[in-house]
Amino acid sequence: MPYSRPTLSELRSWAVQDVLNAGISGVSKVLRFSVLGTLAWVNAGLAWLVYGYLDWIAMQAVPWTATDEYLAAWGALKKVYRKAASAASGSVVFAVTGAQVIPSGTAVTVGGLDGTTTADSVTTGTSTVAAVTLTDTGATGNVADGSIATLGSPISGIQSTGSVSTAFTGGADAESNSALRSRVMAKFQESGTNGREQEYIDWATDVTGVTRAWINRNGFGAGSVVVYVMLDEANAAYSGFPQGTNGVASDETRYFPATGDQLRVANAIWTEQPVDALVVVCSPIAETVAFTISDLGDGNTTANQALIEGALDDMFLRLSAPGGTIHPNNWNEALGALGLASFNVTVPSAPVTGATVGSLLQRGTVTFVS
């Protein structure tokens, strides 16, 4: 059975009792603010701190409870490292007069965050578009399309205030302890490296921003491995779908090279994969599922509708897979957990399977019927 750590109150009581049991001449009672009482409480407090330190040592002594740098050290034993934070990038547009351009390296503020142009802007007509990478890392850098952008310093012929023309994506926070712990424990549970399906998934999810991955064996013919990936947080502006083109690693010559997010994943897998495998990294194909929900009664409120949509989103996030199937018991269980007095999902009325290879089911329009 687990060890029961004594509370501070218990330690104080024990310390006072020890004083009484010591048989000190003339001492039959210990008053709270007496010298002996104060010393007993001080010793109890010190012992309580020691117990806390022992608890912390026990926590860091095993990978399934370790935290921070100690968890990172356990992961390093299995070559699992915490994903670093990444900076978002996108495009901004400003109004111009004439053929002026924004030079590469120009400071730009996007949605209140500092960034820098990575190339000279391209001017067409009365506007100029510049690619920008934010200076700071983190998911807060995933700025939506249409947000305000401001030049760091005025440029003649260019309006200082513009907007985001292409949503900023790719920004991700440093991996949390819980996410890293899950990957570390999965690695400790594995046997040796031999190119198993789970290893391809692990290699893909080791890449910063990648949150989900799936494998399609022989998807491009014998000896090929298709890896589907999603970046649910970094690419939230695109519903988590990778931004790039499907393909292989830069050093792979047997197929078309990938670009964007797919290339980052393919290049990361290239250094780990078996030498004979043709690994193609792909984005799943979005396929929406419409819902019609009735019989909510008095529960047909705006707040409950938002909860229902959120529960369906969570269901698809947990259970969707390229070419996979979502069953009625899945959505009934998700909605049943909300504690609604009554509800009835009339559409869909049967299991839903992706129509094409690589299609990933997502929540579509939800119609609420009184």
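Going through (1) surrounded by fewer than 15 Cβ atoms within 10 Å (Cβ to Cβ); (2) touching a residue at least 12 places away in the same chain (Cβ under 8 Å) one by one, residue 271 falls short only on (2).
Name the residue that is surrounded by the fewest Cβ atoms within 10 Å (Cβ to Cβ), counting only residues in the range 50-95 that are among the hydroxyl-bearing types (Ser, Thr, Tyr) and farther than 29 Å from residue 209 by Cβ. Per the stated criteria, the residue is 53.
Quick one: would you say residue 330 is over 30 Å from residue 224 (Cα atoms), over 20 Å from the mean Cα position of the chain (by Cα), in contact (Cβ under 8 Å) with a residue 24 or more places away in the chain and surrounded by fewer than 20 Cβ atoms within 10 Å (Cβ to Cβ)? Steps first, please.
On the way: over 30 Å from residue 224 (Cα atoms): yes; over 20 Å from the mean Cα position of the chain (by Cα): yes; in contact (Cβ under 8 Å) with a residue 24 or more places away in the chain: no; surrounded by fewer than 20 Cβ atoms within 10 Å (Cβ to Cβ): yes.
Spelling it out, it is not the case that residue 330 is over 30 Å from residue 224 (Cα atoms), over 20 Å from the mean Cα position of the chain (by Cα), in contact (Cβ under 8 Å) with a residue 24 or more places away in the chain and surrounded by fewer than 20 Cβ atoms within 10 Å (Cβ to Cβ).
Within the range 134-154, residues that are farther than 13 Å from residue 115 by Cα and open to solvent by 60 Å² or more (accessible area, probe 1.4 Å) sit with their Cβ atoms under 6 Å from residues that are among the hydrophobic types (A, V, I, L, M, F, W, C) and not in a loop (DSSP other than H, G, I, E, B), at 6+ positions apart or across chains, in these pairs: 145/164; 145/167.
Among residues of the range 172-190 that are closer than 17 Å to residue 61 by Cα, those with a beta-carbon under 8 Å from a residue that is assigned to a helix (DSSP H, G or I) and open to solvent by less than 60 Å² (accessible area, probe 1.4 Å) at least six positions away or on a different chain give the pairs 177/71; 180/71; 180/72; 180/75; 181/71; 184/71; 184/75.
Out of the residues in the range 303-357 that are of a type in the set (S, T, N, Q) and touching a strand residue (DSSP E or B) at 6+ places or on another chain (Cβ under 7 Å), which is nearest to residue 211 (Cα to Cα)? Here the answer is 320. Every test in (1) out of contact with any Asp or Glu (no Cβ under 9 Å at 6 or more places or on another chain); (2) more than 30 Å from residue 216 (Cβ to Cβ); (3) touching a residue at least 24 places away in the same chain (Cβ under 8 Å); (4) open to solvent by 40 Å² or more (accessible area, probe 1.4 Å) is passed by residue 353 save one, and that test is (2).
The values are calculated or read from the model by the stated rules, or taken from the named source; none is laboratory data. The structure presented is a predicted model; accordingly, all values stated were derived computationally and were not measured. Note: ideal-geometry Cβ built from the backbone for every residue, glycine included; neighbour counts use all protein chains shown. These area figures cover heavy atoms from the full protein model, side chains too; ligands, DNA and RNA do not enter into them. Shrake-Rupley method; radii C 1.70, N 1.55, O 1.52, S 1.80 Å.
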